[in-house]
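In what follows, a single structure is set out as structure tokens and then discussed.
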Amino acid sequence: MTRTFVPRIQYNMETNQNYTFIAFQLLGSLSLLIYGMRMMSEALQKMAGPGLRHILAKMTTNRFTGMLTGMLVTCAVQSSSATTVMTVSFVSAGLLTLAQAISVIMGANIGTTLTAWIMSLGYSVDLTNIVYPSFLVGMVLIYKRSHNYIGDFLFGTAFMFLSLVMLSTTGKAMDLEHNDAVISFFASFDTSSHLTILVFLAIGTLITCIVQSSAAVMAITILLCSTGVLPIYLGIALVMGENIGTTATANLVALGANTQARRAALAHLLFNVFGVVWVLIVFYPFVDMVCGIVGYNPSAGGQTMRLPVVLAMFHTCFNVINTAILLGLVKQMEHAVCYLLPEKQEEKQETFRLQYIQSGLVQTPEIAVLQAQKETAAFAERVGEMFNMVCLLFAETDKKKFAELFNKIEFEEDTTDRLEIEIANYLEQVGDDHLSGETKHKIRQMMREISELESIGDACYKLARMVERKNDTNKKFTQHQTEQLQALMRLCVEALTQMNVVMHGHRRDHKIRETFRIENNINTLRKKLKAENIKSVNEQEYDYSVGTLYIDIVSEMERLGDYVVNVVQARFGKQYE
């Protein structure tokens, strides 16, 4: 008995070790697949740089071009989640309307079908001939620095293809088609029952939400179907669940965003849920039609090598037909999400909130830079409005209204300090990533911009304090002094207005000399007023203390003009002069 018992234990141990190794091999392959796709996606986004942002922002003039843009961008970056998160970011930043975003998301769903075709290719073609040359060329390009993004892309591609080869090898090593327990388990499900289909749909949704990768779930599904143990109907149910689960990424990152961004993420969910509902209604005829296109007979069995192609074909047909149905109903979808997510009153009345930067929405440095640019432009608008309050403060005679306006300016000064810190911290986080030279330059520019904008806020507060001191000490300016200060204020308003025009536009559309012209006028007037002040004090038109306060206000406005020039210079990428 001892001689027969020991080998059996040894056999069981070897079997368990074998299964453990296969399990780790499977999980490692899936991890490598996710990493490879992410690496490839980020490399492409960095190579495209601002061009990718401009494509998404500009090529959405109508619903058809928006759909086409979403499809092409997703095919390029190989990630519908990346495209969707970018789109949600653009809606949050006000670059895309909700209707435009919905059409882009529809296109992203079509573009992501390319991933399924690449995976199905990995089960029918030997990709090892591509993997190793890609690693070699990628390594050379990474070390050449000037082409390191292309090298990263090739590395990501090689990792993705290698993982597909490993998954195919693991599938064969698992030998599931001869495992009676696994076969019996899947055979126990009634594939002709809609309840079974719903169960597997829920499983696909849940797994995709957990792993946050529709590609990984698609890979598992293809692996199980290619071995012949998972019936095609159940495999397609998992794919349908993956289509719903993949919307979780955009909805999660939109939680901290504004209402419009959350609406765009919700539209993605509604789009896919609508598609799943109509497919469930015509499930068996639709699946049989897809199988017929590929030349696979579900009732006959066998032909397991065709099953990955069936899954890829279903994924494509599902998203193409769903888009064709809903593309003409974009406005109706927009109304639906607006009804489900109404604007919150507190959002409109909120006193301090970053408008465009939401930490959860950062997907790549390029998107982060876009958000920071929009936030910096909003910062510039805020200090412009702050100076307008200062102008009103000069003319205010009612003590109660004066106090209310002064408190507003004081609050705005505190807000500008917080804005500078928040945007700077955000840019520092972005700076920790691998960045292109152009992106690094933009971050340096914005660091200068927010520093100077905060100085403008400080200057506005100092001016308000001077006006308060004037009122508290009952100092009176002459009519001429008042008129000259009003003229200087008009020049400062002109400078701030021009600064905001530059901050909200493209540099190529504006010229820096207009800002210099206004600054020269401010400097010329300041010199004139200083000379006049000395003469007036000497001639005793007003006392020395009034003259000192008057010149302090003039000098502070002139410094404000200097800060404006510094902001514009930073925007144009020029050094301080």
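At-a-glance table
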quantity	calculated
Pairs where the first residue, in segment 104-118, is part of a loop (DSSP other than H, G, I, E, B) and the second is modelled with pLDDT under 80, C-beta under 8 Å, 6+ apart	Thr112/Thr74; Thr112/Ser79; Thr112/Ser80; Thr112/Ser214; Thr112/Thr246
Segment 120-147 residues that are under 27 Å from Thr221 (Cα atoms) and open to solvent by less than 70 Å² (accessible area, probe 1.4 Å), paired with ones that are modelled with pLDDT of 70 or more and of a type in the set (Phe, Trp, Tyr) (beta carbon under 6 Å, 6 or more apart)	Leu127/Phe161; Val131/Phe161
Residue match in segment 94-105 (condition: at pLDDT below 70 and either open to solvent by less than 10 Å² (accessible area, probe 1.4 Å) or farther than 22 Å from Phe314 by Cβ (or both))	yes
Residue selected from segment 106-118 under the condition buried (at least 24 other Cβ atoms within 10 Å of the Cβ) and modelled with pLDDT under 80, by the criterion farthest from Met333 (Cα to Cα)	Ala116
Residue satisfying all of: in segment 136-168; modelled with pLDDT under 70 and of a type in the set (S, T, N, Q); nearest to Cys225 (Cα to Cα) among these	Ser168
Residues located in segment 531-549, provided they are out of contact with any Lys or Arg (no Cβ under 9 Å at 6 or more places or on another chain) and surrounded by 16 or more Cβ atoms within 10 Å (Cβ to Cβ)	Glu532, Asn533, Ser536, Val537, Gly547
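The values are calculated or read from the model by the stated rules, or taken from the named source; none is laboratory data. Nothing here was measured: the structure is a model prediction, and the numbers come from that model. Backbone-built Cβ (ideal geometry, glycine too); neighbour counts: all protein chains shown. Note: accessible area is taken over every heavy atom of the protein model, side chains too, but ligands, DNA and RNA are not part of it. Shrake-Rupley method; radii C 1.70, N 1.55, O 1.52, S 1.80 Å.
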